[in-house]
Each structure stands twice: as structure tokens, then as C-alpha cells.
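Engineer: Provided herewith is a single structure, encoded as C-alpha cells, for subsequent inquiry.
The values are calculated or read from the model by the stated rules, or taken from the named source; none is laboratory data. Here the structure is a predicted model, which is why all the values come from computation and not from measurement. Note that each Cβ is placed from the backbone with ideal geometry, even for glycine, and that neighbours are counted across all protein chains shown.
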Amino acid sequence: MARHERGGTVSPFMNNRSIQGTAGDFNGVKIFSATMFADRERLGDKVTDWLAQHPQRELHDIIVTQSSDASFHCIAITVFYKDSKLS
């Protein structure tokens, strides 16, 4: 995994994509989330697969969020993108 300049890790697929722009530059958001351990382990692969299936989407930001309570841990990966087909 590569390091993102904000300190998180991104998949090797992300090395070929640029993350750029400002808040108004995206026209789509995709959220991936998981609470079960096995699903959390595969979450990055799900994001990578989705990105590979949608090459027309230019990435603008990715935010990884973790939330927990006494019993469950949830990971959410929020992908902000601009889809050239929607412009």
C-alpha cells in the first residue's frame, strides 16, 4: 500500500490516479462501508475493483472513517469523483 499525503494508505491502483480539485469540483460520491472483520479486510479491494470498472471517473478525494462502539467497528471509505459522462 502507498501512503497518501494526508497520512492514510491507498491501494497500488491509486498510484496511477491523481487526487485533485476542490470541494465544488466533483459530481459524484460513492461510499463503501463494512462492520464485520472479513468485510473490513476486503474493503480496499472493493474500492480498487470499483475504480478499475469506472475509468471515466476522475478522483478528487478519498476519506477513510472509523467508528466504534463496545461491540462493533465500522470502516467507511468515501470516494469523491468527477464523472465525465455526467458533465
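Engineer: Condition first: out of contact with any His (no Cβ under 8 Å at 6 or more places or on another chain) and surrounded by 13 or more Cβ atoms within 10 Å (Cβ to Cβ). Now tell me which residues in segment 50-62 satisfy that.
Structural biologist: Answer for segment 50-62, where residues must be out of contact with any His (no Cβ under 8 Å at 6 or more places or on another chain) and surrounded by 13 or more Cβ atoms within 10 Å (Cβ to Cβ): W50, L51, H54, R57, E58, L59, H60, D61.
Engineer: If a residue has to be among the aromatic types (F, W, Y) and over 15 Å from H73 (Cα atoms) to count, how many in segment 30-52 make the cut? Full working, then the answer.
Structural biologist: To start, the set of residues in segment 30-52 that are among the aromatic types (F, W, Y) comprises 32, 37, 50.
Next, from what is left, pick out any that are over 15 Å from H73 (Cα atoms): 50.
Here the count works out to 1.
Engineer: Here is a follow-up. Is one or more of the residues making up segment 16-24 part of a loop (DSSP other than H, G, I, E, B), modelled with pLDDT under 90, touching a His at 6+ places or on another chain (Cβ under 9 Å) and surrounded by 15 or more Cβ atoms within 10 Å (Cβ to Cβ)?
Structural biologist: Yes, some residue in segment 16-24 is part of a loop (DSSP other than H, G, I, E, B), modelled with pLDDT under 90, touching a His at 6+ places or on another chain (Cβ under 9 Å) and surrounded by 15 or more Cβ atoms within 10 Å (Cβ to Cβ).
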